[in-house]
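The values are calculated or read from the model by the stated rules, or taken from the named source; none is laboratory data. Predicted model, so just to flag it, every value in this text is computed and none were measured. Positions of Cβ are backbone-derived with ideal geometry, glycine not excepted, and every protein chain shown enters the neighbour counts. With ligands, DNA and RNA removed, areas are computed over all heavy atoms of the protein, side chains included. Shrake-Rupley method; radii C 1.70, N 1.55, O 1.52, S 1.80 Å.
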Amino acid sequence: ERQKHIRNFSIVAHIDHGKSTIADRILELTDSVAPRDMQAQLLDNMDLERERGITIKLNAVELHYHAKDDQTYIFHLIDTPGHVDFSYEVSRSLAACEGAVLVVDAAQGVEAQTLANVYLAIDNDLEILPVINKIDLPSADPDKVKKEIEDMIGIDASEAVLTSAKVGTGIPELLERIVTDVPAPTGDLTAPLKALIFDSVYDSYRGVVLSIRVVDGVVKPGDQIKLMSHGHEYEVTEVGVMSPKAVQRDYLMAGDVGYLTASIKSVQETDVGDTITSAETPADKPLPGYRKIQPMVYSGMYPVDNAKYNDLRESLEKLRLNDAALEFEPETSQALGFGFRCGFLGLLHMDVIQERLEREFNLDLIMTAPSVDYHIEMTDGTEKVIDNPAQLPDPSLIKEIREPYVKAEIMVPNDYVGAVMELAQRKRGEFVTMDYLDTYRVNVIYQLPLSEIIYDFFDDLKSSTRGYASLDYEISDYRASDLIKMDILLNGEPVDALSFIVHRDFAADRGRLIVSKLKEVIPRQQFEVPIQAAIGNKVVSRATIKAYRKNVLAKCYGGDITRKRKLLEKQKAGKKRMKAVGNVEIPQEAFMTVLKLN
Ligand code: GTP
């Protein structure tokens with residue numbers, strides 16, 4: 001029976017431990033297309049793709065491996081995104097597998113992201129196959145790493161595969177072990193269809209292309225399917241596998257990993273983690289683990305040139321076609337004009353979006369400092385959620401403000417525990433617990449406000465531990481805090497886009513720092529500009545930017561016109577990413593100063 005020859009697995013690792021290199025080696029030693037029948041189809045498909053310019057993200061590839069037992073096995077290698085911002089997606093990709101290849105660097109040992117990923121794999125009941133990589137390094141110590149895996153993860157590592165992905169050692173053994181150690185899928189072919197969506201991308205010709213794992217039943221073109229979270233129905237237009245290019249199939253059945261299209265217009269309809277079932281004979285329960293993704297970090301995005309507002313909207317709409325996690329809605333700022341409030345999974349996600357807008361869509365943007373969302377209980381008993389500090393209601397109407405907290409796990413060598421605790425305390429952290437993982441490594445757990453983490457926590461952590469600490473976190477809950485809004489006034493006018501929310505105990509300090517930092521980054525104007533930080537009507541800090549008449553042409557002594565033009569051009573380029581607020585020119589850095597206060 002076919003399922004017996006299928007192995008679905010992921011590779012999990014800490015960053016840089018060799019996940020991609022091992023995947024490349026596995027691809028080299030397997031056939032990515034079944035030799036006989038697929039060749040023609042594959043070429044057709046490739047030409048078609050080339051013609052239409054379709055590129056599909058490679059996230060699950062089907063491989064064929066001829067094992068020592070003389071049988072051919074179908075491997076589905078499922079890729080997972082590697083950053084804390086995306087841990088829900090990682091968890092859904094893992095849910096599509098029966099096994100996880102756990103790669104640990106033979107010199108570095110187990111690190112925070114190793115643990116975070118392996119916990120996700122264990123949560124999904126996967127068989128963990130430990131691999132110790134980079135055994136070619138002089139500093140490699142596989143026995144020590146085996147012991148770490150056993151002590152810290154609690155799985156038997158005595159049989160761990162030793163590899164050097166760089167040289168290629170151990171990879172044939174790894175392939176055999178995938179066959180023997182990763183369980184075959186055991187879905188019920190005759191049961192109603194249940195398939196897990198673990199990724200979705202938008203393609204302008206086919207609509208949304210879903211990456212799916214069929215758990216029970218069979219799905220084929222022409223079938224009427226239903227997405228269980230919202231009940232919408234679609235007709236399947238195509239199913240297939242990535243091998244590594246899209247190869248059409250007549251059907252996908254229980255145990256298979258592949259893609260499915262059904263003329264679905266937007267990835268917003270196809271949440272990762274949702275269950276596909278048959279519209280005619282639906283399954284009674286969806287697969288477990290589905291969660292609606294929620295942004296954690298919000299920022300205002302404004303075009304430097306107000307005339308580009310519609311371009312920005314269109315570009316955001318295009319990006320959203322392929323990014324179900326990106327949220328945006330129009331917002332107006334007195335200071336910055338018309339823009340969008342955008343929600344992101346985290347700062348990395350935010351950087352990626354900003355960079356794509358600037359590079360691919362050629363937009364110059366001003367982004368306001370990222371903020372978290374606050375739950376506000378009003379004195380009249382109503383509740384408000386805000387994600388823009390400027391919207392904080394009048395303090396006299398507020399009963400309580402709650403902010404998101406995260407459970408942060410920081411793994412660090414013994415010697416730096418003091419430094420980590422000092423830092424976490426300074427960031428309003430509440431100590432939870434501390435585990436000695438072995439004689440030299442400690443896992444320190446803190447509850448920390450998300451707003452403190454999204455600022456400079458990670459950088460501070462790295463610098464106070466000489467880069468040895470690793471960090472992983474997830475939202476735990478919302479907690480009441482004594483928070484207030486700090487306004488920044490330029491030239492006596494409050495600039496709404498510079499307002500921020502801060503804990504009362506840190507307000508005075510942060511106000512002072514921001515004012516002095518703004519004084520550095522806002523260039524001199526033709527008139528004096530007072531900067532003030534204020535809580536309500538009370539000014540807590542002030543400074544003044546001196547007037548400066550910037551007459552570049554004066555240096556040219558009249559004569560040389562090319563030199564004159566060059567200077568003018570230089571001045572113009574320097575002006576990019578400046579935004580006129582009232583009559584003051586504010587550079588992009590000014591909006592991010594709140595992120596970089598040290
Ligand atoms: P991310 O994609 O950033 O998560 O990293 P990764 O885990 O995929 O690691 P990647 O495969 O990119 O390897 C990281 C670095 O380690 C690269 O410079 C590799 O060349 C190197 N590397 C991978 N395997 C080995 C190995 O077996 N020995 C040695 N010496 N270097 C290796």
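Relative to the 2.2 N^0.38 Å rule of thumb, the stretch 91-153 has a C-alpha radius of gyration ratio of 1.14. Summed over the residues of the chain and divided among them, the accessible surface reaches 46 Å² per residue at a probe radius of 1.4 Å.
Looking at the stretch 398-456, the pairs of alpha carbons with a distance over 14 Å make up 55% of the total. Rg and Dmax over the alpha-carbon atoms of the stretch 163-249 stand at 17.3, 50 Å.
3J(HN,Hα) couplings calculated from phi for the stretch 482-495 with the Karplus curve 6.51 cos²θ - 1.76 cosθ + 1.60 (θ = phi - 60°) are, in sequence order, 7, 10, 9, 9, 9, 9, 10, 10, 10, 6, x, 9, x, 9 Hz; Gly and Pro show x. Charging the Cβ of each Asp and Glu at -1 and of each Lys and Arg at +1, and nothing else, the dipole of the chain about its Cα centre rounds to 3480 debye. Highest mean packing comes first when the peptides 431-440, 400-409, 464-473 are listed by Cβ atoms within 10 Å, giving 400-409, 464-473, 431-440.
The alpha carbon centroids of the stretch 409-477 and the stretch 185-220 are separated by 40 Å.
Distance distribution P(r), the chain, all Cα-Cα pairs, bin width 10 angstrom from 0: 3, 14, 21, 23, 19, 13, 6, 1, 0 percent. In this rough spin-label picture, where each label sits 7 Å from Cα along the Cβ direction, the THR72-LYS546 distance is 8.0 nm. Against the empirical 2.2 N^0.38 Å (N residues), the stretch 427-487 has a Cα radius of gyration ratio of 1.31. As an equivalent ellipsoid, the stretch 196-351 spans semi-axes of 35, 16, 13 angstrom, where each value is the square root of five times an eigenvalue of the C-alpha gyration tensor, largest first. Note on the stretch 316-437: with charges restricted to the Cβ of Lys and Arg (+1) and Asp and Glu (-1), its dipole about the Cα centre is near 100 debye.
In this structure, the pairs whose alpha-carbon distance is over 31 Å, taken from LYS146/LYS462; LYS399/LYS546; LYS265/LYS407; LYS194/LYS265, are LYS399/LYS546; LYS265/LYS407. Quick check: from the Cα gyration tensor, does the stretch 456-555 come out rounded (a/c under 1.5), prolate or oblate? It comes out oblate by the Cα gyration axes.
What helices does the chain hold that run 20 Å or longer along their axis, going by alpha-carbon atoms, with a Kyte-Doolittle average of -1.0 or more, using DSSP H for the helix calls? TM-like helix candidates: 504-521. Using a probe of 1.4 Å, the accessible surface attributed to LYS144 totals some 100 Å² when neighbouring protein chains are kept in position.
The alpha-carbon of LYS384 sits under 14 angstrom from the alpha-carbons of these aspartates and glutamates, leaving out residues fewer than 8 places away in its chain: ASP373, ASP394, GLU400, GLU403.
Note on the stretch 393-508: along the principal axes its Cα atoms extend 56, 31, 20 Å, ordered by decreasing extent.
Amide H to amide H distances under 5 Å link PHE500 with MET486, where only residues 5 or more positions off or on other chains count and H is placed in the peptide plane. Starting from the Cα gyration tensor of the stretch 333-416, take the square roots of the eigenvalues, sort them a ≥ b ≥ c, and report rounded, prolate or oblate (rounded when a/c is under 1.5, otherwise prolate if a/b is larger than b/c, else oblate). Since a/c reaches 1.5 but b/c is at least a/b, the shape of the stretch 333-416 is classed as oblate.
Excluding same-chain neighbours fewer than eight residues apart, the aspartates and glutamates reachable from LYS519 by a Cα-Cα span under 13 Å are GLU528, GLU585, GLU589. Residue ranges 335-341, 146-152 sort as 335-341, 146-152 when ordered by packing (mean number of other C-beta atoms within 10 Å per residue, highest first). Rounded to the nearest percent, how much of the accessible area of the chain (1.4 Å probe, protein heavy atoms only) is carbon and sulfur? Ligands and nucleic acids excluded, carbon and sulfur reach 49 percent.
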